[in-house]
Amino acid sequence: MLALAAVVVAATGVGSPVFANQQYEPMADHVRLALRTALNAPAAPRPIFDSVSHRIDWMADMSRRLARRIPDFTQRTELIKIIRYEAQRVGIDPQIIFALIEVESNFRADAVSHAGAIGLMQVMPFWTDVLSSGSSRELFEPRVNIRYGCLILRHYLDIEKGNLDRALGRYNGSLGKMTYPNLVYDRLDRNWGYSHVEPPKPAPRIAGDF
């Protein structure tokens, strides 16, 4: 389990007008129930990859990129797996989540904004009242925080019919403005873009070859 550090105010600009955080919006009972069900679903033991070579390449690449921010190999590897799994389970590209976390907290699990948003994905505490009976302090736990954050972004994507610009605007509390979405896209392009090409398979042997 990732260690929980002392609570500090994030030094990434969290709490400025660009980082306005999610806003409470009334939701239908069936939507709340669906979100609660998704929140409480058990975690799978590992994320999904197309192949062994894909898993090895992606894990090594993400580990290298995160090494400066999270020097401990075990903590870093666990966090990378959590991000991929939680993004995949709600149908979001994991690379978007890496970029969003960099913008929101710079990968500090102990980050707290001036508005009170908590943890890696800067989840507002009201979400624990809406979706669970737990304490908002559980949002300092990386797996819990990332599950909430990914689920919230998925909820906003559904509201906005798949429009990522507007979903990111909702996540930040700045719907209709492109400052925050463009910041996430910039981090995605600079630091978190990824593509994998499978190595060619060996040609089948033909009878008579030596």
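The residue that is nearest to the chain's Cα centre (by Cα), counting only those in region 66-92 that are exposed (fewer than 15 other Cβ atoms within 10 Å of the Cβ) and not polar (S, T, N, Q), is Gly91.
Return a yes/no flag: does region 153-174 have any residue that is under 21 Å from Met59 (Cα atoms) and either charged (D, E, K, R) or free of Cβ contacts under 8 Å to residues at least 60 places away in the same chain (or both). Within region 153-174 (the criterion being under 21 Å from Met59 (Cα atoms) and either charged (D, E, K, R) or free of Cβ contacts under 8 Å to residues at least 60 places away in the same chain (or both)), the answer is no, since none of the residues qualifies.
Listed by first and then second residue, the pairs linking a residue in region 128-143 that is free of Cβ contacts under 8 Å to residues at least 12 places away in the same chain to a residue that is part of a helix (DSSP H, G or I) and of a type in the set (Asp, Glu), with Cβ atoms under 6 Å apart and 6 or more places separating them unless they lie on different chains, form an empty list.
A single member of Leu157, Leu168 is crowded, with 19+ Cβ neighbours inside 10 Å, at pLDDT 95 or above, in contact with a Pro (Cβ under 6 Å, 6 or more places away or on another chain) and within 22 Å of Ala34 (Cα to Cα), and it is Leu168. Picking from residues in region 176-206 that are at pLDDT 95 or above and of a type in the set (A, V, I, L, M), the one that is surrounded by the most Cβ atoms within 10 Å (Cβ to Cβ) is Val184.
Restricting region 52-64 to residues that are surrounded by 15 or more Cβ atoms within 10 Å (Cβ to Cβ) and of a type outside the set (A, V, I, L, M), the residue that is nearest to Tyr194 (Cα to Cα) is Trp58.
The values are calculated or read from the model by the stated rules, or taken from the named source; none is laboratory data. As the structure is a prediction and not an experimental result, all values here were calculated from the model. Heads up, the Cβs are rebuilt from the backbone with ideal geometry, glycines too, and the neighbour counts pull from every protein chain shown.
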